[in-house]
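Novice: Right, I'll just put the structure down here and ask away after.
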């Protein structure tokens, strides 16, 4: 019996190759998309969990109140870690991290690298296996450093790096005491070099006011975060004084290690993190695509079954029981959906490299490790097969044979209604995607074109690594200016989106030991000019006022507002050196548009300069770059010439959003494609059902155009309904997403009708082909009595 | 074998009842060859369908081998179909996706007949109907007459006590039609009861009893 069923199923498949292919392909594509997104979500959720003691590790961050707002900062000060360990028995160990970029030289190999520094306890807290070297002693000696496998290969090749000396820039020689396994990609921080912390941060060891380091703690097994929270105020008072605790409500919240990647997006993160919102969005997308694909499949399948009513009637006459019929159809349905599975997996493997490059991941489908995934997939296929088969199976098996045989069975009302809902749902989801994509791209466009309060076009950033060059910065600047296409040059530590230092500052009217915090950027006299930032009060830095060097402060409007001065000019102010406020500038966006503009102070402190920013004329850019490069090599032979364009650097702040935009557009195209497949097949079926009617109408005098119009517009009311449902859903979802941006474009009204028109157009396209085909059929053929 | 008493069938739409069969009384014995004749719309096919238990009367009684059909469950009806009745339609109604061999096999599969027995029955039937050469062809590769032969073979393969034929030669030419009627005659001579509905006087002449229907009533003569 099984063989009989199987034969029919496969032959049916072959006979209607077109439909079958559309059917199964649609389902497979849906499953593939779902699969890839699932892998991504799984990866994101797994961050940092590979550490053995992950559940006991927390990160300590800083929090204080300013302007009745709680401000949080991922970095803490150096003395915090050891203090916590000594005060609280349930905090067993602490490790502090610092990092900086250095020119590493070994023999004659030189590269700029990011070097991390940590206390030697790191090996007791995090899972960082050493392939060579002893974790107990590796970072205990002064000026010791461990390197990753990758770095070992890069600098030492086959040789054993242990004991060799590398030089960190102008600072000091370090001895390699270990090689560690490359860190996995699903870590919220990754490094290739780890030096001993003691040497790096020694000058900040008792500086509670300088928050430059990340602190992680290892707690005991029965640790309670709430209990620690209760005890913290006393701790703060003891180590930092009453003022800090009462006035600025300073405290040190903790974050569970595994929550950092998805839930922490503070200033001062080691690397930009993801957000849990993205996970939700992607999971929702995956689910929706799967839903569309499944609905599609069900839709087309039920259409197929209505066609087989005759066979059903016949089998009943021959003696099939209802149960046997149900078994047959259900089995067929599940069989077909299982055919989709290997196809989906093959497609997933095919697209995985592309997907990885899009999202900077290294995902792979490990079939046997990921049993969860495997069972999930099989489960989905089974469910789809059963759901799409059960209804027609039950329905057709209940048919009266006579009616079925006579072909008197029209697409019955129940199946028709079901089918309508399916198409409406598919289109609703697709329209939501279309609207979302449009909104995402609008926001991206807004970001690109919004006035930032400073000019970002045609500015070349040249990083300064050679500290010696800093001392000659004015000379370098005047040399650059010798070319006419170089308009202005400025030196600063300003870089888009860069984590600006928070520093405790002092202003007139506050006491010496009060600790208020502000962001500050070190700039030079030509900064405002180069970046075209507007002064609203007072004056720019000027060489005529020698005190401006390190003593002049320019604040932005937000800073003035926060401090609450009516007349800021002339007020005394200090971040590093005591000085006074000489000017106020318009607020400008120095960070991503996701964040509100915060108060910031500008002052001249050449020791901390990191970049030259060169405003050049838009003509002959490559020539100008050549000039800059040659000049640089002349003036700073010890450092290679590097450059980037400021507007591109800014663009990179929005990597996540751009990725989202890309993914959304792919997903939307996919959703629409699948929905169209479904509509196409459906239209074909319905045209077929109505061939007799079409034939009669033609005989009565309808033109081809009449017929096409009649058949195509059948779907327009469904698409309309889909629109009505989709609009509020899309509006709500996109509104939520836009909330993430402090500065955003609104959802324009024209988006909705545009999506509607697109939907109609696509539906028309999908159905018109079938409509035309039906309309062109010869009535003598269609009206022939069987 | 078959007893109809006061059988009536109507369709109602709204308040209007459309009568298709009115107060039919009919007795048919085992081994008879009966033709039901009448103009179009007289209710012939409906009567046949009710006799074949594919449709239910609106009122009246139907006894099949003394069993009250109007009281049987669907499951019991299926049993009767499987074992006692073979249907031959005007438009053959073979399963398009199966070969002739597989089409013949299908009723046996539903009866859960074992493999070797199935095979021998099918081969036997193919032989009897001279269709051995066609056994692996699909219905759309056969002529009308051959398809109808296959359909008859399928109806007969379960050794039914009763064959119901609805315009069996309607789509066939004269020669093919003759072939089919000869088959029926042969089956009847071997003891199978045959009930056919037809317009053709020629076909009717093969039978021994004619029942005339007019507007749902049985009439003696047209």
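Novice: In the set A:93, A:14, which member is in contact with a helix residue (DSSP H, G or I) (Cβ under 9 Å, 6 or more places away or on another chain) and within 14 Å of another protein chain (Cβ to nearest Cβ)?
Specialist: After ruling out the rest, the residue left standing is A:14.
Novice: Out of all the residues in the stretch A:316-359, which are in a helix (DSSP H, G or I) and within 13 Å of chain B (Cβ to nearest Cβ)? So that I can check it myself, show each step before the final result.
Specialist: Step one: list which residues in the stretch A:316-359 are in a helix (DSSP H, G or I), which gives A:316-318, A:322-359.
A:316, A:317, A:318, A:322, A:323, A:324, A:325, A:327, A:328, A:332 - these are the residues of the stretch A:316-359 that are in a helix (DSSP H, G or I) and within 13 Å of chain B (Cβ to nearest Cβ).
Novice: Is it the case, given these coordinates, that residue A:37 is within 30 Å of residue A:677 (Cα to Cα), out of contact with any strand residue (DSSP E or B) (no Cβ under 6 Å at 6 or more places or on another chain) and more than 14 Å from chain B (Cβ to nearest Cβ)?
Specialist: Numbers: within 30 Å of residue A:677 (Cα to Cα): yes; out of contact with any strand residue (DSSP E or B) (no Cβ under 6 Å at 6 or more places or on another chain): yes; more than 14 Å from chain B (Cβ to nearest Cβ): yes.
So residue A:37 passes the test.
Novice: Right, here's the next one. Only one of these is modelled with pLDDT of 90 or more and in contact with a helix residue (DSSP H, G or I) (Cβ under 9 Å, 6 or more places away or on another chain): A:180, A:191. Name it. First the steps, then the outcome.
Specialist: On the way: A:191 fails: in contact with a helix residue (DSSP H, G or I) (Cβ under 9 Å, 6 or more places away or on another chain).
Just a single option satisfies the conditions, and that option is A:180.
Novice: Can you name every one of the helices (runs of 4 or more DSSP H) wholly within the stretch A:594-711 that holds 1 or more residues which are at pLDDT below 75 and outside the structural domain of residue A:576 (by TED's automatic domain parsing)?
Specialist: Details: elements: A:621-635, A:646-652, A:655-689, A:691-700.
The helices (runs of 4 or more DSSP H) meeting that bar are A:646-652, A:655-689, A:691-700.
Per-residue answers, yes or no, for (1) at pLDDT below 85; (2) more than 20 Å from the chain's Cα centre (by Cα); (3) under 28 Å from residue B:137 (Cβ atoms); (4) not in a loop (DSSP other than H, G, I, E, B):
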| site | (1), (2), (3), (4) |
| --- | --- |
| B:3 | no, no, no, yes |
| B:6 | no, yes, no, yes |
| B:26 | no, no, no, yes |
| B:30 | no, no, no, no |
| B:39 | yes, no, no, no |
| B:49 | yes, no, no, yes |
| B:62 | no, no, no, yes |
| B:81 | yes, no, yes, yes |
| B:95 | yes, no, yes, no |
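Novice: Moving on. Given the criterion in a helix (DSSP H, G or I), at pLDDT below 75, away from every other protein chain (no Cβ under 14 Å) and out of contact with any strand residue (DSSP E or B) (no Cβ under 8 Å at 6 or more places or on another chain), identify the matching residue among A:414, A:390, A:438. Don't jump to the end; show me each part of the working.
Specialist: Numbers: A:390 fails: at pLDDT below 75; A:438 fails: at pLDDT below 75.
From the options A:414, A:390, A:438, the qualifying one is A:414.
Novice: Moving on to the next point. From (1) under 25 Å from residue B:199 (Cα atoms); (2) touching a helix residue (DSSP H, G or I) at 6+ places or on another chain (Cβ under 7 Å), pick out the condition that doesn't hold for residue B:19.
Specialist: (2)
Novice: Going by what's in this entry, would residue A:302 be described as away from chain B (no Cβ under 14 Å), more than 38 Å from the chain's Cα centre (by Cα) and either surrounded by fewer than 19 Cβ atoms within 10 Å (Cβ to Cβ) or touching a residue at least 12 places away in the same chain (Cβ under 8 Å) (or both)?
Specialist: Details: away from chain B (no Cβ under 14 Å): yes; more than 38 Å from the chain's Cα centre (by Cα): yes; either surrounded by fewer than 19 Cβ atoms within 10 Å (Cβ to Cβ) or touching a residue at least 12 places away in the same chain (Cβ under 8 Å) (or both): yes.
Criteria met by residue A:302.
Novice: Another question, then. Somewhere in the stretch A:99-115, is a residue modelled with pLDDT of 85 or more, touching a strand residue (DSSP E or B) at 6+ places or on another chain (Cβ under 7 Å), surrounded by fewer than 22 Cβ atoms within 10 Å (Cβ to Cβ) and part of a loop (DSSP other than H, G, I, E, B)?
Specialist: No, the stretch A:99-115 contains no residue that is modelled with pLDDT of 85 or more, touching a strand residue (DSSP E or B) at 6+ places or on another chain (Cβ under 7 Å), surrounded by fewer than 22 Cβ atoms within 10 Å (Cβ to Cβ) and part of a loop (DSSP other than H, G, I, E, B).
Novice: To continue, here is another question. Only one of B:136, B:188 is modelled with pLDDT of 90 or more, surrounded by fewer than 21 Cβ atoms within 10 Å (Cβ to Cβ) and under 15 Å from the mean Cα position of the chain (by Cα). Can you tell me which?
Specialist: Values: B:136 fails: under 15 Å from the mean Cα position of the chain (by Cα).
Every option except B:188 fails the conditions.
Novice: Please go through the stretch A:66-90 and pick out each residue that is assigned to a strand (DSSP E or B), surrounded by fewer than 22 Cβ atoms within 10 Å (Cβ to Cβ) and in contact with a strand residue (DSSP E or B) (Cβ under 7 Å, 6 or more places away or on another chain). Full working, then the answer.
Specialist: Within the stretch A:66-90, the subset assigned to a strand (DSSP E or B) is A:66, A:69-73, A:76-77.
Okay, now just the ones that are also surrounded by fewer than 22 Cβ atoms within 10 Å (Cβ to Cβ), so A:66, A:69-73.
The answer is A:66, A:70, A:71, A:72, A:73.
Novice: Sticking with this one: Could you grab me the full set of residues in the stretch A:222-243 that are more than 16 Å from residue A:77 (Cβ to Cβ) and not in a helix (DSSP H, G or I)?
Specialist: If the condition is that a residue be more than 16 Å from residue A:77 (Cβ to Cβ) and not in a helix (DSSP H, G or I), then A:222, A:223, A:224 are the ones that fit.
Novice: Oh, and also: Limited to the stretch B:98-142, what total is found for residues that are touching a residue at least 40 places away in the same chain (Cβ under 8 Å), within 14 Å of chain A (Cβ to nearest Cβ) and not in a helix (DSSP H, G or I)? Give the derivation first.
Specialist: At the first step, the residues of the stretch B:98-142 found to be touching a residue at least 40 places away in the same chain (Cβ under 8 Å) are B:98, B:100, B:103-104, B:106-108, B:111, B:129, B:138-140, B:142.
Then drop every residue that is not within 14 Å of chain A (Cβ to nearest Cβ), which leaves B:98, B:100, B:103-104, B:106-108, B:111, B:138-140.
Keeping just the survivors that are not in a helix (DSSP H, G or I) gives B:98, B:111, B:138.
Counting residues in the stretch B:98-142 that are touching a residue at least 40 places away in the same chain (Cβ under 8 Å), within 14 Å of chain A (Cβ to nearest Cβ) and not in a helix (DSSP H, G or I) gives 3.
Novice: Take residue A:283 and decide whether it is within 17 Å of the chain's Cα centre (by Cα), modelled with pLDDT of 85 or more and not in a strand (DSSP E or B).
Specialist: no
Novice: When you scan the stretch B:83-93, how many residues do you find that are on the phi < 0 side of the Ramachandran plot and in a loop (DSSP other than H, G, I, E, B)? Steps first, please.
Specialist: Taking the stretch B:83-93 first, the residues on the phi < 0 side of the Ramachandran plot are B:83-91.
This time we only want the ones that are in a loop (DSSP other than H, G, I, E, B), so: B:89-91.
Qualifying residue count, the stretch B:83-93: 3.
Novice: Additional query: Having 2 or more residues that are more than 39 Å from the chain's Cα centre (by Cα), surrounded by 17 or more Cβ atoms within 10 Å (Cβ to Cβ) and at pLDDT below 85 is the bar; report the helices (runs of 4 or more DSSP H) wholly within the stretch A:442-552 that clear it. Step through it out loud before you land on a result.
Specialist: Working: elements: A:467-471, A:473-480, A:527-531, A:548-551.
Passing ranges, in order: A:548-551.
Novice: Would you be able to tell me the number of residues in the stretch B:57-94 that are more than 20 Å from residue B:193 (Cα to Cα), touching a strand residue (DSSP E or B) at 6+ places or on another chain (Cβ under 8 Å) and within 14 Å of chain A (Cβ to nearest Cβ)?
Specialist: Qualifying residue count for the region: 1.
Novice: Given A:313, A:268, which one is crowded, with 19+ Cβ neighbours inside 10 Å, touching a strand residue (DSSP E or B) at 6+ places or on another chain (Cβ under 8 Å) and either within 14 Å of chain B (Cβ to nearest Cβ) or at positive phi (or both)? I'd like the intermediate steps shown before the answer.
Specialist: Numbers: A:313 fails: touching a strand residue (DSSP E or B) at 6+ places or on another chain (Cβ under 8 Å).
The conditions single out A:268.
The values are calculated or read from the model by the stated rules, or taken from the named source; none is laboratory data. Note that the structure is a prediction, hence the values are computed from the model and not measured. Glycine gets a Cβ as well: all are built from the backbone with ideal geometry, and neighbour counts include every protein chain shown.
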